[in-house]
Each structure stands twice: as C-alpha cells, then as structure tokens.
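I have placed the structure first, in the form of structure tokens, so that the comments after it can refer back to it.
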Amino acid sequence: MTVRFGILVFPNVQQLDLTGPYEVFATARDAEVHLIWKDREPVVSSTGLTLVPTMTFDECPTLDVLCVPGGGGVNPLLKDQQVLDFVRKQAAEAKYVTSVCTGSLVLGAAGLIKGKRATTHWYAHDFLSTLGAEPVDERIVQDGNLFTAGGVTSGIDFGLAVVSEIMGQAEAETVQLALEYAPAPPFDAGTPKGASKAVLAATQERLAGSRAQREEIFSNWG
C-alpha cells in the first residue's frame with residue numbers, strides 16, 4: 001500500500017530540513033512524496049537552492065504523513081492564516097503530524113502541540129512553552145502521532161524513525177544502508193554542550209536576526 005508523504009515547502013525554508021527527510025521518505029518502498037505550497041512557482045531556500053512545489057494546498061489529498069520543516073522562512077508562516085488553516089486541515093486527518101527544526105513552531109501556531117512533548121532547534125527551544133508544549137531536549141520526540149525533530153540534520157534521523165514506525169525497522173534499516181547513513185562528524189560541535197564558548201557565541205550571532213523576529217512575534221502571543 002502506498003504511503004503518501006507531504007512536506008511543506010516555502011520561501012527561505014532551511015533546505016536540509018526538507019531534503020533530509022525527503023531523501024529518506026522517497027527511498028522507502030511504496031512511498032509517494034510531495035512538496036506542497038500555495039502555488040507551483042519555484043521557491044528559494046535560505047541558502048539559495050531553488051525548490052519546485054509538486055502540489056498546491058487546493059490539490060493536496062489527505063496525507064498519511066504531514067511534515068513541516070523549519071528555517072528563517074518559518075517566521076512569516078506563524079501569522080499566515082492560509083498556511084495555518086492548511087496545516088490544521090491536513091493534521092486532522094493525517095496518520096502522523098511531524099516537523100523538523102523550527103517547523104514545530106508552525107505546528108504550535110496551528111494549535112497542534114499544546115499539551116504535547118516536543119522539540120525543535122536548540123536556539124528556538126524556549127518558544128515551545130509559549131505555544132503550550134512540553135519542551136524535551138532530545139533529537140527526536142514522539143508523542144502519540146506527533147513526531148518532532150531537533151535542528152536541521154536531525155531530519156535524517158527523524159525520517160528513519162518515521163519510516164520504522166510506519167513500515168517497520170527492517171525497511172528503515174534498508175533505507176539507512178542504501179543512503180550509507182553512518183555519521184561520524186569530524187568535530188564535537190553539533191550541540192551547544194559540545195561546542196566551545198566562542199563557537200556558540202558566533203553561531204548565536206549568526207542566527208540572531210531570525211531569533212529577534214520570533215521574539216517579537218511571540219512577545220504578544222495569545
């Protein structure tokens with residue numbers, strides 16, 4: 001039986017938030033993966049990669065898995081009622097509602113993580129409680145049919161976890177091997193705990209603009 005995955009694509013999306021799980025889902029047996037947006041016009045990711053939606057909101061059927069990636073482009077979505085209405089509509093019928101990175105904030109803005117355990121990118125973790133969620137400092141968090149993943153690269157781990165949930169561990173391991181996913185990072189700087197103080201400060205400075213926008217949005221939330 002075909003499993004239908006739908007991934008939201010939008011201007012300034014963090015492309016690896018999207019392409020990581022996309023690669024995992026699309027490699028799985030009997031999977032159908034769509035990139036969904038308001039229209040079919042190409043959108044440009046936060047790092048300049050052009051992505052082309054394959055389906056519009058109006059064309060989208062009921063999904064088995066709804067996935068919302070993150071990135072700086074999330075900020076406008078937090079107040080975009082067309083997007084939030086689409087997410088709510090799909091979430092009401094999807095078997096699994098999921099996010100990568102700050103995509104969980106969009107789910108929160110749509111009222112879908114209230115009272116749920118959830119995670120997001122480390123530099124946005126404090127916003128989860130504002131949205132009524134229980135923040136959890138883990139790479140992947142499952143609460144019922146809700147899957148949330150941490151920042152960016154966690155989307156690959158998350159994708160494998162979702163495939164395992166739906167299709168079984170053997171299929172997930174087959175996908176993992178096909179992709180030769182055996183991470184061995186050259187530096188222990190992938191989390192705030194592992195990074196040096198100088199690297200942490202430089203990273204916070206680099207991400208400060210997007211965070212400031214979110215702080216302004218959430219200062220009057222609710």
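The values are calculated or read from the model by the stated rules, or taken from the named source; none is laboratory data. Model, not experiment: these values are computed from the prediction. Cβ: placed from backbone, ideal geometry, glycine included. Neighbour counts: every protein chain shown. Areas reflect the complete protein model, heavy atoms only, side chains present, ligands, DNA and RNA absent. Shrake-Rupley method; radii C 1.70, N 1.55, O 1.52, S 1.80 Å.
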Quiz item: Considering region 117-127 alone, what residues qualify as being surrounded by fewer than 23 Cβ atoms within 10 Å (Cβ to Cβ) and either touching a helix residue (DSSP H, G or I) at 6+ places or on another chain (Cβ under 6 Å) or closer than 15 Å to Val97 by Cβ (or both)?
Solution: Arg117, Tyr123
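Looking at Thr47, Thr98 in this structure, which one is polar (S, T, N, Q) and in contact with a strand residue (DSSP E or B) (Cβ under 7 Å, 6 or more places away or on another chain)?
Working: Thr47 fails: in contact with a strand residue (DSSP E or B) (Cβ under 7 Å, 6 or more places away or on another chain).
Within the list Thr47, Thr98, the selection yields Thr98.
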Quiz prompt | Among (1) touching a residue at least 24 places away in the same chain (Cβ under 8 Å); (2) open to solvent by 10 Å² or more (accessible area, probe 1.4 Å) - the single one Gly70 does not satisfy | solution = (2)
Exercise. Output the residues belonging to region 24-39 that are under 18 Å from Val68 (Cα atoms) and surrounded by 13 or more Cβ atoms within 10 Å (Cβ to Cβ).
Key: Val24, Phe25, Ala26, Ala31, Glu32, Val33, His34, Leu35, Ile36, Trp37, Lys38
Quiz item: Which one of these does Leu131 not meet: (1) in contact (Cβ under 8 Å) with a residue 60 or more places away in the chain; (2) open to solvent by less than 10 Å² (accessible area, probe 1.4 Å); (3) more than 24 Å from Ala189 (Cβ to Cβ)?
Solution: (2)
Practice problem: Would you be able to say whether some residue in region 156-169 is touching a Pro at 6+ places or on another chain (Cβ under 8 Å), within 24 Å of Ala195 (Cβ to Cβ) and of a type in the set (Gly, Ala, Ser)? | Solution: no
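Having 2 or more residues that are more than 19 Å from Asp17 (Cα to Cα) is the bar; report the helices (runs of 4 or more DSSP H) wholly within region 43-131 that clear it.
Details: elements: 74-77, 81-93, 103-109, 127-130.
Of the helices (runs of 4 or more DSSP H) lying wholly inside region 43-131, those with at least 2 residues that are more than 19 Å from Asp17 (Cα to Cα) span 81-93, 127-130.
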